[in-house]
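As structure tokens, the structure follows; a few thoughts come after it.
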Amino acid sequence: MSQYFIYHTPRCSKSRQTLALLQENQIETEQILYLENPPTVDTLSDLCEALGITPRQLLRKGETEYRELSLGNETLGDTEVLKAMQQHPRLIERPIVVRRDGKKVRAVLGRPPENVIDLIK
């Protein structure tokens, strides 16, 4: 049986819409409020792998911390980017929906919320 997780914040309209879409499809989802409980660097790395993206692609580039920490600097490695996201979770793009089937893990960004449809079918 599949397990579902959503990394989100209730203040974000896309997070709320994505969660509502999951609920409309009777998908039980564990909600992870990542601003209150930031994921570890290892978890962030695993999420990037499941999403099929680099850590830099998971960054919210419009956040103040992005500029303050000079995260646009392409010489920064993945580890530095992951650490910045762990220390400043507002930098993490949201929502992230994860589906775990045993050892197989897949994930999508809920932007737009309809991205989760393929994950739940």
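Any read-out appearing in this document is the output of simple, stated calculations on the displayed coordinates, not a laboratory observation. Just so it is clear, the model here is predicted, and its values are computed rather than measured. Here the Cβ positions follow ideal geometry from the backbone for every residue, glycine too, while neighbour counts run over all protein chains shown.
Before moving on, here are some points about what is shown:
- Normalised by the number of residues in the chain, the mean separation of alpha-carbon contacts (under 8 Å, six or more apart) gives a relative contact order of 36 percent.
- Phi-based couplings in Hz for segment 76-89 (Karplus 6.51, -1.76, 1.60; Gly and Pro marked x): 5, x, 4, 4, 5, 5, 4, 5, 4, 5, 5, 7, 9, x
- For segment 61-105, the residues whose backbone nitrogen is under 20 Å from a point 7 Å from the Cα of N25, taken along Cα to Cβ, are 94-105.
- Helix 41-51 and the longest principal axis of the Cα set of the chain meet at an angle near 60°.
- Cα-centre dipole for segment 3-120 with unit charges at Cβ (Lys and Arg positive, Asp and Glu negative), debye to 20: 200 debye
- Which of C48, P10, T29, positive extreme of dipole for segment 3-120 (C-beta unit charges): P10
- All distinct Cα pairs of segment 3-120 go into the 1/r average, and the inverse of that average, the Kirkwood radius, is 14.4 Å.
- ³J(HN,Hα), Karplus 6.51/-1.76/1.60, whole Hz, each residue of segment 68-73, x for Gly, Pro: 4, 8, 6, 6, x, 5
- Crossing angle, helix 13-24 versus the chain [Cα axis fit, 0-90 degrees, rounded to tens]: 20 degrees
- Extension reserve of the Q3-N37 stretch, reckoned as 0.36 nm per residue once the Cα distance is removed: 10.3 nm
- Table column - 3J(HN,Hα) (Hz), segment 90-102, Karplus curve with 6.51, -1.76, 1.60, x for Gly and Pro: 4, 6, 7, 4, 9, x, 10, 10, 10, 10, 10, 10, x
- Antiparallel beta bridges, as assigned by DSSP with both residues in the chain, represent about 70 percent of the total such bridges.
- Additional length obtainable on full extension of the chain from S13 to R90, 0.36 nm per residue less Cα span: 26.2 nm
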